[in-house]
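The values are calculated or read from the model by the stated rules, or taken from the named source; none is laboratory data. Please read these numbers as outputs of a predicted model, since none were measured by experiment. Here the Cβ is made from the backbone with ideal geometry for all residues, glycine too, and neighbour counts use every protein chain on show. Surface accessibility is based on the protein's heavy atoms, side chains included, excluding ligands, DNA and RNA. Shrake-Rupley method; radii C 1.70, N 1.55, O 1.52, S 1.80 Å.
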Amino acid sequence: MFDIGVNLTSTQFAKDRVKVVKRAREAGVTGILITGTNALESQQAQSLAQQNPDYCWSTAGVHPHHASEWSGETASTLRRLTERPQVVAIGECGLDFNRNFSAHDQQEYAFDAQLALAAELSMPVFLHCRDAHSRFIDILTPWIDKLPGAVVHCFTGTQSELEACLACGLYVGITGWVCDERRGLALRELLPLIPADRLLLETDAPYLLPRDMRPRPPSRRNEPCFLPHIVHQVAVWRGEDPEWLGQKIDENTRSLFRL
C-alpha cells in the first residue's frame, strides 16, 4: 500500500521526520510520495525523498494557495527539480475557490502554466480541486491528451464530479476524509463507483486524521503509518479484500508515477 500524499515538509514533522518514515515502513506502507506545494517546499520535498531512496519520491509544484507567488523563476525552479530522479510529478496544482488565498485569475494562470510544463516534460500531474470543479475541468480538458496521467488528490466531490474526473481519465485519490462519520458519508457512497485500477489512497498527513480510529491516537497529527487503517476501511466499504486492495493501490501508484 503506497501513500501518494504526505506533507512531510510540514513543521508538524520537524522533530521526528526520520521516525515518521520508519513507522510507515514498519506499518507495511510500501512507498511515500512527498507533496511539493511551492518552490521552496518542492525543493525540500526532493531533498527528503533523496534521503530515503527507493522508498520516498516527491512532486514539484505550486498549490493554488500559493498561486500568487508564480513567476518565471518559479517555473525555472520546478523545471530544474524535474531533472532529479526523485521528482516524479508536477503539482500539487489546481484550483481552490474555497479559501481563496490567491485570486481566481492567479490560480487559473498558475494551474495552466503547470499543466503546460507537465505536458512539455511528459510528466504526470498531482491535482487539487476544491469548490472549483467546473473551471478545473475547463482548464484541464485541453491538456488531458498531452499528459501521461494525473490524479485528483483528496477527492471529496459529488457523484457527477467524480464521473467527470473519471471521464477525463484521472486517477482518484481518497484520504481519511472518507472515515469521518459526518463529512465522509457521501464520499463513502461513491467508493464502489471508482474502478479498482483508477483508485489511489493517501493520508494527506499531517492533516485529515481518520476520525474512526480506535483507540484514537494520542496526537491529532496524521501519519503515513495510519494508511493501513484507510486501506482496510475503504476495502470493507467497497466489498474487497484489504490485502488485495493494498497491493492494487501499490500497482496503480507505480504505474501512474512510473516507479
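So if a site counts as exposed when it's one of the GluC sites (Glu not before Pro), its DSSP state isn't H, G, I, E or B, and it has at most 13 other Cβ atoms within 10 Å, what's the longest stretch of the chain without one?
Between exposed loop sites, the widest span is 84-180.
Identify the trypsin sites (Lys or Arg not before Pro) of the range 192-225 meeting these criteria: DSSP loop state and at most 16 other C-beta atoms within 10 Å of the C-beta. Intermediate results must be reported in sequence, preceding the final value.
Numbers: sites: R198, R211, R220, R221; in loops: R211, R220, R221.
Within the range 192-225, the qualifying trypsin sites (Lys or Arg not before Pro) (loop, at most 16 other Cβ atoms within 10 Å) are R211, R220, R221.
Report ³J(HN,Hα) in whole Hz for each residue of the range 208-224, in order, from the Karplus equation J = 6.51 cos²θ - 1.76 cosθ + 1.60 where θ = phi - 60°; Gly and Pro get x.
6, 4, x, 6, 9, 6, 9, x, 5, x, x, 10, 7, 6, 7, 9, x
For n ≥ 4 DSSP H runs only, could you compute -39500 (n - 2.57) per run for the chain, divide by its residues and tell me the 222 nm figure to the nearest 500? Don't skip to the end; give the middle numbers.
On the way: 9 runs with 101 residues, N = 259.
One gets -12000 deg cm²/dmol as the mean residue ellipticity at 222 nm.
What is the percent carbon and sulfur in the accessible area of the range 136-192, measuring with a 1.4 Å probe over the protein chains and ignoring ligands? The partial results should precede the final answer.
Details: 1250 of 2400 Å².
Carbon with sulfur: 52 percent of the solvent-accessible area.
Averaging sequence separations of C-alpha pairs under 8 Å and six or more residues apart, then dividing by the length of the range 122-250, give the relative contact order as a whole percent. Could the numbers behind the result be given before it?
Numbers: 176 pairs, mean separation 24.9, N = 129.
The value is 19 percent.
Check which residues have an amide H placed less than 5 Å from A150's amide H, if you skip close sequence neighbours.
Sorted by chain and number, the residues that satisfy this are V125, Y171.
About the Cα centre of the range 1-154, how large is the charge dipole given +1 on each Lys and Arg Cβ and -1 on each Asp and Glu Cβ? Please answer in debye to the nearest 20. All intermediate terms of the calculation are to be shown ahead of the outcome.
Numbers: 13 positive and 17 negative charges, 134 e Å.
Dipole about the Cα centre, nearest 20: 640 debye.
For each pair in K19/K146; K146/K248; K15/K248, compute the distance between the two Cα atoms and list the pairs where it is over 29 Å. Write down the numbers at each step before the final one.
Values: K19/K146 39 Å; K146/K248 26 Å; K15/K248 33 Å.
From the list (K19/K146; K146/K248; K15/K248), the Cα-Cα distance tops 29 Å for K19/K146; K15/K248.
So what is the relative contact order of the chain, in percent, for Cα pairs below 8 Å that sit 6 or more residues apart? Walk me through the numbers before you get to the answer.
On the way: 528 pairs, mean separation 52.5, N = 259.
It comes to 20 percent, rounded to a whole number.
In the P(r) worked out for the range 138-248, what percent of Cα pairs fall beyond 17 Å?
On the way: 3288 of 6105 pairs.
In whole percent, the share of Cα-Cα pairs in the range 138-248 beyond 17 Å is 54.
Give me the accessible area per residue for the chain, probe 1.4 Å, as a whole number in Å². Write out the running numbers ahead of the final one.
Details: 11270 Å² over 259 residues.
Value returned for the chain: 44 Å² of accessible area per residue.
Quick one: pull the percent of accessible area on the range 32-114 belonging to carbon and sulfur, 1.4 Å probe, ligands and nucleic acids left out. Display every interim value, and only then the final one.
Working: 1440 of 3380 Å².
The C+S portion of the solvent-accessible surface of the range 32-114 is 43 percent.
Would you please give the residues with an amide H less than 5 Å from that of G91, counting only those at least 5 places away or on a separate chain, with H modeled from the backbone geometry?
A60, G61, V62, F126
Rounded to whole Å, give me the distance from the Cα center of the range 187-259 to that of the range 62-132.
A separation of 25 Å, based on Cα centres.
What is the magnitude of the charge dipole of the chain about its Cα centre, with +1 placed on the Cβ of each Lys and Arg, -1 on the Cβ of each Asp and Glu, and no other charges, expressed in debye to the nearest 20?
Result for the chain is approximately 860 debye, rounded to the nearest 20.
Which one, M1, P215, Q114, projects farthest toward the positive side of the charge dipole computed for the chain from Cβ point charges (K/R +1, D/E -1)?
Ranked along the dipole, the leading option is P215.
Compute the Rg/Rh shape ratio of the chain: radius of gyration over Kirkwood radius, all on alpha-carbon atoms.
Working: Rg = 16.8 Å, Rh = 18.0 Å.
Result for the chain is an Rg/Rh of 0.93.
Under 5 Å between amide H atoms, partner at least 5 residues away or on a different chain: which partners does F2 have, H built in plane at 1.01 Å?
T30, D250
Straight-line reach only, C-alpha to C-alpha below 19 angstrom: list the aspartates and glutamates that K22 could link to, leaving out same-chain residues fewer than 8 apart.
Here the aspartates and glutamates satisfying the reach criterion relative to K22 are D3, D54, E202, D204, E223, D250.
Which of the listed residues, A196, I174, G149, is farthest toward the dipole's positive end in the range 126-259, when Lys, Arg count +1 and Asp, Glu count -1 at the beta-carbon?
It is I174.
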